[in-house]
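Only the coordinates and a few stated rules stand behind these numbers; no lab work does. Every value quoted in this text rests on a predicted model; they were computed, and no experiment measured them. With ideal geometry, Cβ positions are generated from the backbone for all residues, glycine too; neighbour counts draw on all protein chains shown.
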């Protein structure tokens, strides 16, 4: 059930308190660690961190390249780590680091699902975001 919010503030305002706290904690890590040139927008009913078309216009769907995203679904919250999806090396590192925290990993190709902030290694999300420069992301995902 994607949000119909037009702004990040609207998205956050429509969340229950516990989810707002969790999403804001992850958002803080992403904002503090994302590369310059990646911007925060609402798209696809989620908070998206993307490379603007002005920076990289040649995308397969005419939409900005998504670096990461943050959403709230019916049964869980999600952080989409497209850098992890694009790099086997980064994925292996992330999975190993996540498991070392003692938390249970619920992950798809790029989507890491969680239900409670207390059971989610928020700092690891920041470290993961920081590991990929904009240049490396465009080289890996920009074709």
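Details
- Cβ crowding within 10 Å averaged over residues, with 89-102, 17-30 ranked highest first: 17-30, 89-102
- Cα extents of segment 8-141 along the three principal axes, largest first (Å): 39, 35, 23
- A Förster radius of 25 Å, combined with the Cβ-Cβ distance separating residue 41 from residue 106, puts the computed FRET efficiency at roughly 0.45.
- Sorting the segments 65-74, 117-126 by their residues' average number of neighbouring beta-carbon atoms within 10 angstrom, most packed first, yields 65-74, 117-126.
- Our estimate of slack between residue 54 and residue 4, defined as 0.36 nm per intervening residue step minus the Cα-Cα distance, is 15.5 nm.
- Difference of contour (0.36 nm per residue) and Cα-Cα distance, residue 116 to residue 136: 4.0 nm
- Ranked by how many other beta carbons lie within 10 Å on average, peptides 78-86, 44-52 from highest: 78-86, 44-52
- Nitroxide proxy distance, nm - points 7 Å out along Cα→Cβ at residue 31 and residue 92: 3.5
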